[in-house]
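Reading through the structure tokens given below for one structure.
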Ligand code: UD1
């Protein structure tokens with residue numbers, strides 16, 4: 001098992017280019033099977049989740065080429081609509097094939113998806129919207145079989161604006177007969193990006209970026225190429241790093257607009273920001289300040305994916321902070337690892353109370369999930385002494401080069417086997 005070895009407490013300085021977004025590229029890869037032809041994605045991050053998705057696409061019969069950051073998917077022929085257990089269990093995003101498979105093959109068969117252990121991850125909302133479009137779903141507790149003799153447009157309102165269920169609904173609506181109206185959809189930037197890609201492929205989608213989408217089905221799709229936008233959570237990771245470690249960094253290809261909520265909270269911590277010639281300059285030369293209350297929320301609120309990273313920052317802040325987690329209940333398990341580094345965190349149901357300490361100290365800690373792993377890594381960079389972060393395979397699911405990027409801005413970190 002590989003681990004990061006970090007010699008902590010260095011201020012950060014330098015530039016980082018933000019790679020393509022994990023949460024944007026995964027549904028885009030699934031969407032390529034809606035088209036009986038070739039789709040090219042550029043700026044694709046070389047992360048584990050992308051390689052697993054390629055494995056699924058090949059199992060379905062697609063031909064796939066991945067050279068540098070260019071991913072070419074030829075879905076002219078689909079030979080199977082079954083996602084086998086070993087691939088489905090590796091990642092939550094395997095569920096994102098439900099909509100496109102239904103659209104393309106009128107049936108889909110998959111094992112319950114896996115992914116980060118950040119809480120129970122039900123798929124009832126995916127089922128509800130697909131049923132409304134005419135799908136029949138059979139479940140036996142481990143396995144899903146979905147069929148639709150005919151997929152028909154419908155009007156559907158989500159009880160909760162789930163990202164994955166919205167993506168599945170959009171992709172099946174593109175191939176359904178007639179018009180679909182989706183109300184209370186998730187508005188995360190990755191939904192907007194998926195819609196823009198589908199429109200470039202020939203789909204007719206209206207209301208992009210709003211909470212109501214109208215999709216005219218049965219569009220003639222064609223070959224196209226699309227550039228994956230930069231990853232807002234990766235950018236938030238480095239902004240959190242400079243806030244907790246101090247220093248000054250510049251981020252290139254950064255989706256500033258999508259980071260509004262994160263930037264607003266880090267500003268309260270004392271980090272300062274300026275856009276200059278297309279790059280985001282961020283600096284912080286003081287101990288972070290506490291933020292009395294932050295609540296994770298659906299977009300445009302503060303993202304749950306940045307919660308553990310903020311917890312690291314607040315662990316060293318002056319004063320008491322509270323974070324309320326409203327999306328994924330088990331994300332707080334990173335707090336136990338931060339406590340091993342000297343953080344003073346009390347968990348009470350969905351709230352974490354953080355009494356900032358002046359110093360974190362190096363420790364042997366274990367990444368429990370993707371973003372938690374990144375949070376422990378930046379905690380190690382900001383701590384006194386040596387930190388070992390184990391189970392960094394979690395981190396490789398979503399970061400192309402976390403340790404190299406941090407080393408390039410002055411962190412003393414190496415990957416060891
Ligand atoms: C996506 C992101 C993930 C992010 C999350 C919330 C990807 C690949 N992953 O995950 O990084 O943290 O959005 O922004 O894009 N839920 C149900 N029933 C369902 C579906 C979801 O109850 O059928 C609940 C979940 O348990 C969770 C909440 O809704 O509590 C949010 O889930 P959802 O928005 O679906 O997140 P994902 O698509 O899994």
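Please treat every number below as a calculation from the coordinates, not as lab data. Worth saying up front: this structure is predicted, and the values here are computed from it rather than measured. Positions of Cβ are generated from backbone atoms using ideal geometry, with glycine treated the same way; all protein chains shown enter the neighbour counts.
Over the C-alpha atoms of the range 217-346, the Rg to Rh ratio, Rh being the Kirkwood estimate, stands at 1.06. Annotation: the antiparallel percentage among DSSP beta bridges lying fully within the chain is about 70.
The range 249-320 and the range 228-246 have Cα centres spaced 8 Å apart.
Note on the range 150-244: the alpha carbon radius of gyration divided by the globular reference 2.2 N^0.38 Å gives 1.23. For helix 48-60, what angle does its Cα long axis make with the longest principal axis of the chain, in degrees from 0 to 90 and rounded to 10? Around 10 degrees separate the two axes.
Between the alpha-carbon centres of the range 150-221 and the range 74-95 there is a gap of 21 Å.
Highest mean packing first, where packing is the average number of other Cβ atoms within 10 Å per residue, the peptides 392-402, 277-287, 129-139 line up as 392-402, 129-139, 277-287. Which log10 I(q)/I(0) values, to two decimals, does the range 270-365 give at q = 0.16 Å⁻¹ under the Debye formula with one point per Cα? For the requested q values the scattering log ratios are -0.70. Principal axis extents of the Cα atoms in the chain, from largest to smallest and rounded to whole angstrom, are 62, 43, 41.
What angle, in degrees between 0 and 90 and rounded to the nearest 10, separates the Cα long axis of helix 189-201 from the longest principal axis of the Cα atoms of the chain? It works out to around 40 degrees.
Among 309, 101, the ranking by other beta carbons within 10 Å of each residue's beta carbon, starting with the fewest, stands as 101, 309. Mean sequence separation of contacting Cα pairs (under 8 Å, at least six apart), scaled by the length of the range 139-214, corresponds to a relative contact order of 30 percent. DSSP assigns beta bridges within the range 22-227; of those with both partners inside it, close to 70 percent run antiparallel. All distinct Cα pairs of the range 31-105 go into the 1/r average, and the inverse of that average, the Kirkwood radius, is 12.4 Å. Ranked by the mean number of other Cβ atoms within 10 Å of their residues, highest first, the peptides 344-351, 379-386 come out as 379-386, 344-351. Could you state the angle between the C-alpha long axis of helix 163-175 and the longest principal axis of the C-alpha atoms of the chain, as a value from 0 to 90 degrees rounded to the nearest 10? Orientation of helix 163-175: about 20 degrees from the principal axis.
Remark: relative contact order (the range 1-160) = 17 percent; criterion is Cα-Cα distance under 8 angstrom and separation of 6 or more residues.
Over the range 22-227, the ratio between the Cα radius of gyration and 2.2 N^0.38 Å evaluates to 0.91.
Sorting the segments 58-67, 182-191 by their residues' average number of neighbouring beta-carbon atoms within 10 angstrom, most packed first, yields 182-191, 58-67.
Mean separation of Cα pairs under 8 Å and 6 or more residues apart, divided by the residue count, gives the range 79-220 a relative contact order of 21 percent.
Rounded to the nearest 5, the antiparallel percentage of DSSP beta bridges internal to the range 118-231 is 75%.
Restricting the calculation to Cα atoms, the range 321-417 yields a radius of gyration followed by a Dmax of 13.5, 38 Å.
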